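Following: one structure in structure tokens, then a few remarks.
The values are calculated or read from the model by the stated rules, or taken from the named source; none is laboratory data. Quick caveat, the model's predicted, so the values are computed rather than measured. Note that each Cβ is placed from the backbone with ideal geometry, even for glycine, and that neighbours are counted across all protein chains shown.
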Amino acid sequence: MAEEEKHQHSLFHHHKDGEDKPIESGQPDYKKEEKHHKHLEHLGELGAAAAGAYALHEKHKAEKDPKHAHKHKIEEEIAAAVAVGSGGFAIHEHHEKKELKEESHGKKHHHLFGHD
């Protein structure tokens with residue numbers, strides 16, 4: 001058993017053989033990081049779209065169900081807030097991806113507000 005390679009797989013991060021090898025040059029893998037930020041950007045966009053659709057659904061239910069309109073209105077507002085938050089996350093990841101691309105091409109970039 002000591003001779004066998006142990007592979008740990010978490011629920012969301014599956015590694016193929018050879019994919020988790022360290023980079024020997026000490027440089028970050030820009031392509032892999034860029035792909036990661038692009039993936040997270042798309043998840044943020046999807047979250048914003050889904051939450052926005054749910055907010056519209058709750059708005060419609062509030063109009064059709066006056067007895068429970070207050071509950072639907074609250075759920076609509078929560079879903080709208082989630083949509084805004086997801087949209088903000090998507091924008092954040094877009095800028096992270098953009099900065100990483102500039103960094104990989106050797107361009108200087110300026111950070112405001114002390115961003116590392």
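Of all residues in segment 87-108, how many are of a type in the set (D, E, K, R) and closer than 12 Å to H42 by Cα?
Pass one, segment 87-108, residues of a type in the set (D, E, K, R): 93, 96-99, 101-103, 107-108.
Right, trim to closer than 12 Å to H42 by Cα and you get 93, 97.
Result for segment 87-108: 2.
Being exposed (fewer than 14 other Cβ atoms within 10 Å of the Cβ), in a helix (DSSP H, G or I) and modelled with pLDDT under 95 narrows it down to one residue among K21, K32, K97, K101; which is it? Steps first, answer last, please.
Numbers: K21 fails: in a helix (DSSP H, G or I); K97 fails: exposed (fewer than 14 other Cβ atoms within 10 Å of the Cβ); K101 fails: exposed (fewer than 14 other Cβ atoms within 10 Å of the Cβ).
Matching residue, one of K21, K32, K97, K101: K32.
Since K108 meets every condition but one in (1) surrounded by fewer than 12 Cβ atoms within 10 Å (Cβ to Cβ); (2) under 30 Å from E33 (Cβ atoms); (3) at pLDDT 95 or above, which condition does it not meet?
(3)
Which residue pairs have Cβ atoms closer than 9 Å, lie 6 or more positions apart in sequence or on different chains, and pair a first residue in segment 96-116 that is of a type in the set (S, T, N, Q) with a second residue that is at pLDDT 80 or above?
Matching pairs, first to second residue: S104/Y30; S104/K31; S104/E33; S104/E34.
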